[in-house]
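Chemist: This is the structure I have questions about; it appears just below.
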Amino acid sequence: MRLVLALDTATAECAIGLGLWPWDDQGEPVVLGETNVATPRAALTHAIPVIARLLEDCGRRIGDVDAIVAGRGPGSFTGVRIGIATAKGLAQGLGVPLYGVSTLDAVAERLAGREGLIAVIGDAMRKEVYPALFRGCGGTVERLTPDRVAKPAETAAEWAASLDAHVLLAGDGLAKYEAVFTEALGDRAEVARPAMWSPTGASLLQAAWRTGAAAGGGNAAGVLPIYTRLSDAEEAEALHAGRPPGLPHSGVAGPEGERP
Amino acid sequence: MRRSHDAPIAVITRSKAETAEVGHLLGALAEPNDIVALSGDLGAGKTCFAQGIARGLGILEPVPSPTFNLLLVHPAELTLYHFDLYRLQKAADLEDIDLYGTVESGGVSVIEWADRFPGDMPEDRLDVIIDVTGPDERRITLVPRGARAEQLAAAFADGAGALV
């Protein structure tokens, strides 16, 4: 089994997990431990000490880590950058593979026991959200829509018109826009407990495993932040540096329409 | 210092100290996530006004101009996020410096050169325009944009009455 360290700082919650992954896809992954702490705008100062403590609690050392998983957002611009930069630094320093997973997948993963539609609504600031639909089935979740940025009222209206089944809502965007979605969806909407709105160390590990992250090459250069609202600095930098093959034109993952 | 009667809320100051005093009054009234968008020519006193806001927030450390840093953070009970957009080239740069995430993070944000990107400033904000009306005289005009900014401006107007 491989020792895998997962981290996500895209939301106000700093989520760190430590687990074991089978070398092939025959076995089942195991979560050894996790630490999830609210560190609004302070992930930079907390992530590394939290990782060190979790490793110690699990009787492991940083040098034992065989792979890193990073939450790629979407979420807070600064938070996503801190998470990706920290993960890349660790992966490079340790000489181990780095795998990426969408922060929204890790939120949906927390509701994996539920059957039916799951809507994750991340806070995109600026009166916008990151909405994504998933389907819970047989203890796992399947993603139905890609990461994007949208207006809460427009998304709610769109879902009210297109979804004809019960929808479980989660995500930190609900802190501001819960009423927008519950009013539009009416009886169909059920709101998950706020404690279920953020990714956790365990859900990151599980979502990364479910989405087949481990099947990728683990090339740290290929793990990109998901901004959805395109970041010009990142774009210019990627173009300037000459982007690695197979990466989006912008060097930044985002919706097709927003790529130059 | 006197209240002028023509503009919605305007105050005339006759020295840097008075400009800072007006900022001090505004800072003392600020609440979490308040945004003050400052505009005015070079040397009008934007940073001086921001320094007053910092004092009003109980911040005692020096508050230098953030022109080169783009953002300087002064931690306090209400943390001051002091932006300067002078060096930014285009509105997309505002995302790169995480302006929108920062202004919603529970502190008080003061944005110098906000008029460089008028269409891209956060919606609920208090615009503060500093006009140079004489060698030492400034007219400071408050234009609220949004519900919370209206409240803040009204509280300021009440307080400024006492300064006349």
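The values are calculated or read from the model by the stated rules, or taken from the named source; none is laboratory data. Values in this document were obtained by computation on a predicted structure and should not be read as measured data. Cβ coordinates were reconstructed from backbone atoms using ideal geometry, including for glycine residues, and neighbour counts include every protein chain displayed.
Chemist: In segment A:129-140, what residues are in contact (Cβ under 8 Å) with a residue 40 or more places away in the chain, closer than 17 Å to residue A:169 by Cβ and over 14 Å from the mean Cα position of the chain (by Cα)?
Modeler: Scanning segment A:129-140 gives a single hit, A:129.
Chemist: Okay, next question. Among the residues of segment B:64-78, are any part of a loop (DSSP other than H, G, I, E, B), without any contact (Cβ under 8 Å) to a residue 40 or more places away in the chain, within 14 Å of chain A (Cβ to nearest Cβ) and buried (at least 18 other Cβ atoms within 10 Å of the Cβ)?
Modeler: No, the conditions are met nowhere in segment B:64-78.
Chemist: So which of A:47, A:38 is away from chain B (no Cβ under 14 Å) and either modelled with pLDDT under 95 or within 17 Å of residue A:199 (Cα to Cα) (or both)?
Modeler: Exactly one of A:47, A:38 is away from chain B (no Cβ under 14 Å) and either modelled with pLDDT under 95 or within 17 Å of residue A:199 (Cα to Cα) (or both), namely A:47.
Chemist: Just checking, does segment A:12-25 include any residue being within 17 Å of residue A:88 (Cβ to Cβ), among the acidic types (Asp, Glu) and at pLDDT 90 or above?
Modeler: No, every residue in segment A:12-25 fails to be within 17 Å of residue A:88 (Cβ to Cβ), among the acidic types (Asp, Glu) and at pLDDT 90 or above.
Chemist: Tell me which of these residue A:140 doesn't satisfy, since it passes every other one: (1) β-branched (Val, Ile, Thr); (2) surrounded by fewer than 20 Cβ atoms within 10 Å (Cβ to Cβ); (3) touching a strand residue (DSSP E or B) at 6+ places or on another chain (Cβ under 7 Å).
Modeler: Residue A:140 satisfies every listed condition except (3).
Chemist: Of all residues in segment A:50-82, which are outside any loop (DSSP other than H, G, I, E, B), surrounded by 16 or more Cβ atoms within 10 Å (Cβ to Cβ) and away from every other protein chain (no Cβ under 14 Å)?
Modeler: Our first condition is that a residue be outside any loop (DSSP other than H, G, I, E, B); within segment A:50-82, this holds for A:50-57, A:62-64, A:67-71, A:77-82.
Still in the list and also surrounded by 16 or more Cβ atoms within 10 Å (Cβ to Cβ): A:50-51, A:54-55, A:67-71, A:77-82.
Once the filter is applied, which keeps residues that are outside any loop (DSSP other than H, G, I, E, B), surrounded by 16 or more Cβ atoms within 10 Å (Cβ to Cβ) and away from every other protein chain (no Cβ under 14 Å), segment A:50-82 yields A:50, A:51, A:54, A:55, A:67, A:68, A:69, A:70, A:71.
Chemist: Looking only at segment A:111-122, decide whether some residue is crowded, with 19+ Cβ neighbours inside 10 Å, in contact with a Phe, Trp or Tyr (Cβ under 6 Å, 6 or more places away or on another chain) and not assigned by TED's automatic domain parsing to the domain that holds residue A:208.
Modeler: yes
Chemist: Within segment B:91-103, can one find any residue that is within 14 Å of chain A (Cβ to nearest Cβ) and within 10 Å of the chain's Cα centre (by Cα)?
Modeler: No: segment B:91-103 contains no residue that is within 14 Å of chain A (Cβ to nearest Cβ) and within 10 Å of the chain's Cα centre (by Cα).
Chemist: For segment B:114-131, name all the residues that are in contact with a strand residue (DSSP E or B) (Cβ under 6 Å, 6 or more places away or on another chain) and not acidic (Asp, Glu). First the steps, then the outcome.
Modeler: Narrowing segment B:114-131 to residues in contact with a strand residue (DSSP E or B) (Cβ under 6 Å, 6 or more places away or on another chain): B:114-115, B:121-122, B:125-131.
Hits for segment B:114-131 are B:114, B:121, B:122, B:125, B:126, B:128, B:129, B:130.
Chemist: Considering segment B:119-137 alone, what residues qualify as being within 14 Å of chain A (Cβ to nearest Cβ) and among the aliphatic types (A, V, I, L, M)?
Modeler: Taking segment B:119-137 first, the residues within 14 Å of chain A (Cβ to nearest Cβ) are B:119-125.
Hit for segment B:119-137 is B:121, nothing else.
Chemist: Please determine, by comparing only the residues of segment A:123-137 that are more than 14 Å from chain B (Cβ to nearest Cβ) and crowded, with 23+ Cβ neighbours inside 10 Å, which one is farthest from residue A:73 (Cα to Cα).
Modeler: Within segment A:123-137, the first condition is being more than 14 Å from chain B (Cβ to nearest Cβ), and the residues that meet it are A:131-137.
With the extra rule that they be crowded, with 23+ Cβ neighbours inside 10 Å, the set shrinks to A:131-132, A:134.
Details: A:131: 12, A:132: 12, A:134: 16 Å.
Among them, the one singled out is A:134.
Chemist: Scan segment B:87-123 residue by residue and report those that are in a loop (DSSP other than H, G, I, E, B) and among the hydroxyl-bearing types (Ser, Thr, Tyr).
Modeler: B:105
Chemist: Restricting attention to segment B:109-118, report how many residues are within 14 Å of chain A (Cβ to nearest Cβ) and either surrounded by 19 or more Cβ atoms within 10 Å (Cβ to Cβ) or of a type in the set (Asp, Glu) (or both).
Modeler: Looking only at segment B:109-118, we keep the residues that are within 14 Å of chain A (Cβ to nearest Cβ), and these are B:109, B:117.
Checking which are either surrounded by 19 or more Cβ atoms within 10 Å (Cβ to Cβ) or of a type in the set (Asp, Glu) (or both) leaves us with B:109.
Number of matching residues: 1.
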